[in-house]
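Written below as structure tokens is the structure these notes are about.
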Amino acid sequence: MTQPGFALDASGAPLLGELLVRDFGVAPAAIDRALAKQREDGGGLLGQILVTLKLVDEDQLAAALGLQAEMPALRDLPKADDIPAEVFEAVPINFAKQHRVLPIGKDPDTGRVQVAICDPFALDVLDDIAVLLGGAVDPVVASPTKIVEHINKAYGRLRQGAELDPDHKKDEGEDEFGQGEELVDILDLNDEAPIIRWVNSLMFQAVKERASDIHIEPGEKDVVVRFRIDGALREAKRAPRKFLASILARVKIMAGLNIAEKRLPQDGRIRRKIAGKDVDMRVATVPTATGERITTRLLDRSSVLLGLADIGMAEDTLEAIRGIIRRPYGILLVTGPTGSGKTTTLYACLSEINAPDVNILTVEDPVEYQLEGISQTQVNPKIDLTFASGLRSFLRHDPDVIMVGEIRDRETAEIAITASLTGHFVFSTVHTNDAAGGITRLTDMNIEPFLIASSVCGLMAQRLVRRPCYECAKPVRPSEALLRELGLEPAQVYAGAVRLPGVKGQRNLPVGHILEPAGCPACGGIGYRGRTGVYEMLVVNDTVRQLAMQKADAGAIRDAAIAAGMVSLRAEGARKVLQGLTTAEEVLLATADAS
């Protein structure tokens, strides 16, 4: 029979206050006092309030919670020195401290791990622990203070073990997560678990090698890690397959994802300070036949927040685009495939015109970097926040300049054109191979030709090409066939008679020579280091407008633009080859679909 003044929960089990009174000798007046305090504070856990008011101690509370949850409770935990490191080292210390949870032992017969936890009803935490440990767990309730003390001692012992043997070398057969590997901790903490140090080391290595993406891919026997550096994938690291779950769980925890969800794709974000750089990371998971894989896009703020003069534009191209982006109204479209640097170019344009007297709004998918003084919105299809709806809303906020991440459909295109015709300048992108194709793409969206002709004032196509490593690249005299493939006249090249407008970073080469990659330790034997842009700037003139009105094909528009002075992607790439900014092979590969 329950004590007067106490209720039962929905399942018929006695509430915490009743248990403390009935089984632990706590006075009903103490419970009433704690309940009054709870009402006064507007909430809070009854058990924590009782401990704070010193009406019960933590051991009493743990025992009562265990009884309420029908879970064993421990007054005394095993000595921290007696807890085997392999039981808890797969659990990140920050996760353990945050949730006050610690694996304390393993049943040799069943293989189940006993886990001490202060909140027996935190089932999500127990699920996460099970994923990290790769098996079922047996929870026990314990005092939060004792759990935290054991966490500090246990992980401290783990750290001290590594420090006492700094020269330990990995024995044959020892896996990569042993204490022997020297790993970098980007959080600058010395008491992290090996899995955390391994993941942090991976991120540090990626930043150090200037990777744009980290691919963590499950194989049959190994976890393969590949970096995308300067647009090319390269294997960077391997780990035993048995550590896949722990690696995935660590990255998911950092990105704020559900580590128990393995069946559905997830997206998250990590922001860290790595080697003095402020790095944003976009994390995407996807289930595959061999297990979950994770792709992380590294976004180095210092590498993208560049000015127009810093992204490899020639002087004539730079002059043309600066003339366009300072117009009071119109549309500038940047075209090119995914990964061609369109976002970097748009951000450079916005940075060029950003000023206190200019109201700039952007709608992006996603917002890659926060720009000072610019209002940025990220699309969210789940709540019907699309490019079109965001752009429509922007028009009610008195903008001067609007950036739309991409024009994908007729609705977005029509709103962008309407905005440009009503006194706003609009930046956006479309996926086409060259600049002229941007006009025909709008036509394909059933946009009226006269609207295209009256709103679009410029289109820029671009590609990214790798720079040669200047530590090892060698000047060579190119063959006539290669020069002709680049669209150059061999006699003029050999005589040094080709007109080359200035470009930031250009090299002084012997007359008639270009650079050929070689390979050295500085570039990892690849022969390339860094990338630059190749740009095709189409300024819409009267001839191009007439062709747009006539629904002319991209070829006719392209020819008219070249006749008016536009430098094609292939020709711009060829100029950069002669200036030592890239190689002939890179230009031919990057412009194969636009030549």
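The values are calculated or read from the model by the stated rules, or taken from the named source; none is laboratory data. This structure is a prediction, so every number in the text was calculated from the model and none was measured. Every residue, glycine as well, gets a Cβ built from its backbone with ideal geometry; the counts of neighbours run over all protein chains shown. When the accessible area is computed, the model is the full protein with side chains, heavy atoms only, and any ligands, DNA or RNA have been set aside. Shrake-Rupley method; radii C 1.70, N 1.55, O 1.52, S 1.80 Å.
Among all residues of region 434-442, there is at least one that is in a helix (DSSP H, G or I) and open to solvent by 40 Å² or more (accessible area, probe 1.4 Å). For region 53-109, the set of residues classified as surrounded by fewer than 20 Cβ atoms within 10 Å (Cβ to Cβ), acidic (Asp, Glu) and in a loop (DSSP other than H, G, I, E, B) consists of Asp57, Glu70, Asp76, Asp107, Asp109, listed by residue number. If you go through region 38-95 and pick out every residue that is out of contact with any helix residue (DSSP H, G or I) (no Cβ under 9 Å at 6 or more places or on another chain) and either at pLDDT 90 or above or farther than 22 Å from Pro108 by Cβ (or both), you end up with 8. Would you mention how many residues in region 138-157 are surrounded by fewer than 19 Cβ atoms within 10 Å (Cβ to Cβ) and farther than 24 Å from Thr52 by Cα? Residues in region 138-157 being surrounded by fewer than 19 Cβ atoms within 10 Å (Cβ to Cβ) and farther than 24 Å from Thr52 by Cα: 4 in total. What is the residue count in region 391-421 for residues that are free of Cβ contacts under 8 Å to residues at least 40 places away in the same chain and out of contact with any strand residue (DSSP E or B) (no Cβ under 7 Å at 6 or more places or on another chain)? Result for region 391-421: 13. With respect to Ala554, determine if the residue is at pLDDT 95 or above and open to solvent by less than 40 Å² (accessible area, probe 1.4 Å). No. Is it the case that Val426 is exposed (fewer than 15 other Cβ atoms within 10 Å of the Cβ), more than 25 Å from Ala590 (Cβ to Cβ) and of a type in the set (A, V, I, L, M)? For Val426, the condition - exposed (fewer than 15 other Cβ atoms within 10 Å of the Cβ), more than 25 Å from Ala590 (Cβ to Cβ) and of a type in the set (A, V, I, L, M) - is not met.
Is it the case that Val544 is under 18 Å from Ala453 (Cα atoms) and surrounded by fewer than 21 Cβ atoms within 10 Å (Cβ to Cβ)? Judged against the criteria, Val544 is not a match.
Here is a check on your reading of the model: is Ser201 in contact with a strand residue (DSSP E or B) (Cβ under 7 Å, 6 or more places away or on another chain), among the hydroxyl-bearing types (Ser, Thr, Tyr) and either at pLDDT 80 or above or open to solvent by less than 10 Å² (accessible area, probe 1.4 Å) (or both)? Judged against the criteria, Ser201 is not a match. The single condition among (1) touching a residue at least 24 places away in the same chain (Cβ under 8 Å); (2) surrounded by 15 or more Cβ atoms within 10 Å (Cβ to Cβ) that Pro328 does not satisfy is (2). Highlighted here are the strands (runs of 3 or more DSSP E) found entirely within region 445-539 that include at least 3 residues which are open to solvent by less than 60 Å² (accessible area, probe 1.4 Å), over 19 Å from Thr429 (Cα atoms) and touching an Asp or Glu at 6+ places or on another chain (Cβ under 9 Å): 456-468.
Restricting region 258-288 to residues that are of a type in the set (A, V, I, L, M) and at pLDDT 90 or above leaves a set whose member that is nearest to the chain's Cα centre (by Cα) is Val283. Of the residues making up region 236-254, those that are among the charged types (D, E, K, R), more than 22 Å from Arg210 (Cβ to Cβ) and either open to solvent by less than 30 Å² (accessible area, probe 1.4 Å) or in contact (Cβ under 8 Å) with a residue 24 or more places away in the chain (or both) are Lys242, Arg250, Lys252. Just checking, how many residues over region 557-595 are closer than 21 Å to Gly437 by Cβ, of a type in the set (S, T, N, Q) and open to solvent by less than 30 Å² (accessible area, probe 1.4 Å)? Qualifying residue count for the region: 2.
Here is the figure for region 255-268: residues that are open to solvent by 50 Å² or more (accessible area, probe 1.4 Å) and free of Cβ contacts under 8 Å to residues at least 24 places away in the same chain total 5.
Can we say Ile195 is assigned to a helix (DSSP H, G or I) and either buried (at least 17 other Cβ atoms within 10 Å of the Cβ) or at pLDDT 90 or above (or both)? Against the criterion (assigned to a helix (DSSP H, G or I) and either buried (at least 17 other Cβ atoms within 10 Å of the Cβ) or at pLDDT 90 or above (or both)), Ile195 qualifies.
Listed by first and then second residue, the pairs linking a residue in region 218-234 that is part of a loop (DSSP other than H, G, I, E, B) to a residue that is surrounded by fewer than 19 Cβ atoms within 10 Å (Cβ to Cβ) and of a type in the set (Lys, Arg), with Cβ atoms under 9 Å apart and 6 or more places separating them unless they lie on different chains, are Gly219/Arg238; Gly219/Arg241; Glu220/Arg241; Lys221/Arg241; Asp230/Arg210. Criterion first (charged (D, E, K, R), farther than 26 Å from Ile415 by Cα, touching a residue at least 40 places away in the same chain (Cβ under 8 Å) and open to solvent by less than 60 Å² (accessible area, probe 1.4 Å)) does Arg297 satisfy it? No: the conditions fail for Arg297.
Within region 289-302, the set of residues being modelled with pLDDT of 85 or more, of a type outside the set (A, V, I, L, M, F, W, C) and part of a strand (DSSP E or B) comprises Gly291, Glu292, Arg293, Thr295, Thr296, Arg297.
Considering region 12-26, the residues that are over 18 Å from Asp59 (Cβ atoms) and outside any helix (DSSP H, G or I) include one that is modelled with the highest pLDDT, namely Leu15. Evaluate the following for Thr343: is it surrounded by 20 or more Cβ atoms within 10 Å (Cβ to Cβ) and of a type in the set (Ser, Thr, Tyr)? When the stated conditions are applied, Thr343 does not pass them.
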